[in-house]
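Taken together, the values in this text are just the output of simple stated rules run on the coordinates, not laboratory data. As the structure is a prediction and not an experimental result, all values here were calculated from the model. Neighbour counts run over all protein chains shown; Cβ positions are idealised from the backbone, glycine included.
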Amino acid sequence: MITRRQLWALLALTLMWGVNWPMMKLSLQQLSPLYFRASTMLIGAAWLFVYVAARGERMRPTGREWAAIAWLGLPNVLGWHTLSIFGVQELASGRAAILGFTMPIFTVLIGAAFFGERITPRVRLAVVCVALAIALLLWHELQRLSGRPAGVVWMLGAAASWALGTLMFRRAHLTLTPMVVTVWMLLLGSGVLWALALTLEPQPQPATFTPLMWTSLAYGALINYGLAQLIWFGMARDLPPATSAMSVMAIPLVGTLSATVIVGEVPHWQDWLAMVFVMLAIASVLWPARKVAAAQ
């Protein structure tokens, strides 16, 4: 059963990551995708390192843990964060969020196929509700998506990577805490992204950045790669994969609605109806099961 503390953490994560989608779209107006990810990820990882070290955590991995952290970072950091930023570049931020959060469906399917996870009736209902919500939210995007297949591929690949990474993270045998593992995954991932950005993209011109641009970068570094990462990876180990995945399905709804204010993307009636289905999906995995009275 989910605790009160976990519930508040889920609500905070929903707001943080939901608003982050239009903030990313805003940043990409003046900065290329790889430089955006590399810079915000590095700053966020450095902030996390100082925070976690100040709490007295053991920060140095053992010999074999380095390989495990690098392995976990492939889907959780390079897979999800790299593919998704290219998806945001191609698609409207709200719609990119919707496609990215097909992740719970991938989580359930990958977990059942390769990790022996059991698919309960509640999970089946949640998957159906999520699928209906995604179909509704994509209603006005079908023609656009058919003409922008790259964006769809980027986001679905990102979702599958995140799902696999979540399952792998929960099963990892590490002596470090989830927060420390998160810091090292981000630090290693940012190094790879900086190498790719320096090789593949033109050098940015920070002198031309607007105050709004600097604000969006600060949000990405301190919130998306700071507080939100700590919350997510902490939950990923404590909650069942299907629950932790479905519990954040409200994030694309927040992203879609906040994009109205931030980047001018206006939601349609399908968005509101999809909200109902997403809330049903969340309730189906989080609502406490009815206790059966013991036999007398």
Fill in the blank from the handout: Nearest-0.05 FRET efficiency for A67 and A46 at R0 = 22 Å, using Cβ-Cβ distance, is 0.45
Completion exercise
Under the rule rounded for a/c under 1.5, else prolate if a/b exceeds b/c, else oblate, using alpha carbon gyration tensor axes a ≥ b ≥ c, region 1-134 is classed as oblate
Handout entry: trypsin sites (Lys or Arg not before Pro) restricted to region 59-161 and DSSP loop, no more than 14 other C-beta within 10 Å
Key = R118
Fill in the blank from the handout: Computed for the chain: size of charge dipole around the Cα centre, +1 on C-beta of each Lys and Arg, -1 on C-beta of each Asp and Glu, debye to nearest 20, value 840 debye
Exercise for the section: Set the Förster radius R0 to 30 Å, insert the Cβ-Cβ distance between L273 and L7 as r into 1/(1 + (r/R0)^6), and round the FRET efficiency to 0.05. Expected result: 0.75
Problem - Chain lengthening between T215 and W139 when straightened (0.36 nm per residue, less Cα-Cα) - result: 24.2 nm
Exercise for the section: Determine, for R5, R37, R171, the number of other Cβ atoms within 10 Å of each Cβ, and report the residues in order from fewest to most. Expected result: R5, R171, R37
Problem - Relative contact order computed over the chain (Cα-Cα under 8 Å; 6+ residues apart), in percent - result: 40 percent
Problem - Label-point separation, E57 to Q205 (7 Å along Cα→Cβ), nm - result: 4.0 nm
